[in-house]
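These notes concern the structure reproduced below.
Read-outs: derived from the displayed coordinates by stated rules, not from any lab. All values derive from a computational prediction rather than experimental measurement. No Cβ is skipped: glycine too gets one built from the backbone with ideal geometry, and neighbour counts run over all protein chains shown.
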Ligand code: GLN
Ligand code: ZN
């Protein structure tokens, strides 16, 4: 028999039950007991779904009230001092400690002194996914001890319900790798000997009926420094020597093990999981390298995307492994299903053809089970599902809906000249000065203004058919008028229309482009209780009609000042969608770029002289493997340039990115050749401009001077200090003054005050300089 298992299942619940329970608990509408009860029934429901799909081993401890890395911190007793929760006398990490680390505050009703707000732990992206984890903060003198029995309890719970269960833990090395030093730098690896005893204790205390324990070490697919690689052998040799009865499945995912394979193959673990969706080439390598007595678990179904697997193709690839390895071959999705929606059967609004191409978590597990039966009993034993799968795969491949010959012909005709503006930056700068007549230190905002309750209500009513399109357009125009008037009163130089018509910066464009589909329940966790519902790009992308021109034209008609057109860039649309897997990502990005290029041209024709193409996701698309980075940056930059290249010299192209790590991509940012870039920088006190200076970044920069992530209003003095700091790195002639990011999550009172201060500073500094 070929065993099947899941590395992890989505946590939210198909109807986002967990999100609701957690948020109600935060508001004080649910007691801690009620929250725990809700968690328990969600876990039970998810195990039930896994069993129904026919999976042999269900996962435990993949569930989390917020984040699995935070769970690992709780397990290890890692609570930074500022949370005032010294874990003396064997005290456990409480639910309150846990949520305070995540959110910086206690649940609404607790009034104790310890409940005061503190800076929450930092959050950052989990490898190259859109999931964010809570970064562990460790000190050089950090001690660890078992301070949460969650993994033991949830394993017991599954056993109690009669499941064959495999508890999942974040491995010790990946945990340390993902952490950051709290205070002075030190070698995090030096903490390993102190972390291991806690893992040891967990292994000792875990119920022996849980035969297998999964330790996730996804850093094994990174280019690891030799010391870390060496530490793996030692750590796992130690765990192997102390474990009693359990077997360890070492899980890797998101790429090939590559140069870490020698290390991995020599480790005394009982099994290894590898991702052969992202890295199919490693199948034979790993199979050859792994000793015959070890279990090889193959991740053959894509845990990160929504497409059905070509089951026959997978079988052809893995049948030889089965012949060699026999019972020691296991099958699973490539990674935890955390990154996939729950259940396709809820998608009743998708048309049948499109639905037949898709698989969500439940369906992915069913695919794994069919594959296992085919290997165990022969393909004939599952002839019907294999046949049905083959038909769906073939239909998708042939469907005219995935292929638009015009789009393909246009893509083939893209030339290098199309990826460049007509003139170099110096020439464009001159032309733009004459056309825009902006003062020194021009002021602007990043695009969105507060999404008020009225705006959201109008959108809801329109979607529900309660108001007509005309009424909706009137409501949005009214909002645009208010926002333009406000910006004029504030004295901003380059205005925006405020984006009231956009619910989400990717969804808005996806809905207006061909080749995109939307789900009703296709949520995936982004962080904590937040989810996103990415669009599905299933076909060639084209633009049936202009997408933003009418709004921008209307906004421009209200003012003589330049009105900035606002587009979402090709890489960001790609990164925040489920992307088709039947052509290279670069091709899809170029198709989106061509559609945006037409939009740029149309905006220009409508009299728009400044156009911003947001690319906040450019950085997160950077591959995990160093050797893949250049190729990505090349096509990502090209896609942006293809969209922007059509603009005349006198049209000013802006871009915007909201993250803080530019060091390794500064050349790519310069290569975008945007006339101006706005970046998030107020929290770093402008230090990140250092890299722009070092690189002699040639074009204009608007480093954010107002941290829009907080309701706090920056004072005139603070903003002045920030602008002065910025001017130490970048000559004032190339500086813009703007907030860090869009204002849509803020309230009007603080926005008014902050922008008033921002404009005051710009005016004062112009006098001074
Ligand atoms: N233009 C968008 C806005 O202002 C940019 C958002 C973003 O960078 N995430 O909301
Ligand atoms: Zn931003």
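Results, tabulated for the structure shown:
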item	result
Cα gyration tensor category, rounded, prolate or oblate, for segment 609-704 with a/c compared to 1.5	oblate
Span from the segment 153-186 Cα centroid across to the segment 724-761 one, whole angstrom	42
Quotient of C-alpha Rg and 2.2 N^0.38 Å, computed over segment 1-108	1.22
Cα-derived Rg to Rh of segment 519-669, Kirkwood definition	0.99
Alpha carbon convex hull of the chain, projected area averaged over orientations, nm²	32.6
Stokes-Einstein diffusion coefficient of segment 656-769, Kirkwood radius over Cα pairs, 20 °C, 1.002 mPa s, in µm²/s	151
Degrees between helix 425-436 axis and first principal axis of the chain (Cα, 0 to 90, nearest 10)	50
Fraction of antiparallel bridges per DSSP, segment 472-623 only, in percent to nearest 5	45
Calculated diffusion of segment 176-279, Stokes-Einstein form, Kirkwood radius summed over Cα pairs, 37 °C and 0.692 mPa s, µm²/s	223
Extent along principal axes [Cα atoms of segment 307-369; Å; largest to smallest]	45, 23, 14
Sequence of 437, 100, 482 once ranked by neighbouring C-beta atoms within 10 Å, starting from the fewest	437, 482, 100
Fewest-first ranking of 75, 267, using other Cβ atoms within 10 Å as the exposure measure	267, 75
On Cα atoms only, tilt of 585-605 relative to the major axis of the chain in degrees	20
Segment 195-251-segment 318-359 distance, computed between alpha-carbon centres (Å)	27
Surface/4 estimate of mean projected area, convex hull on alpha-carbon atoms of segment 61-207, nm²	10.0
Expected 222 nm ellipticity per residue - DSSP helices of 4 or more, -39500 (n - 2.57), all of the chain, to 500	-13000 deg cm²/dmol
Ascending count of other beta-carbon atoms within 10 Å, so fewest first, for 403, 658, 335	403, 658, 335
Cα centroid separation, segment 418-497 to segment 669-700 (Å)	23
Over 14 Å [Cα-Cα, segment 362-432], rounded percent	76
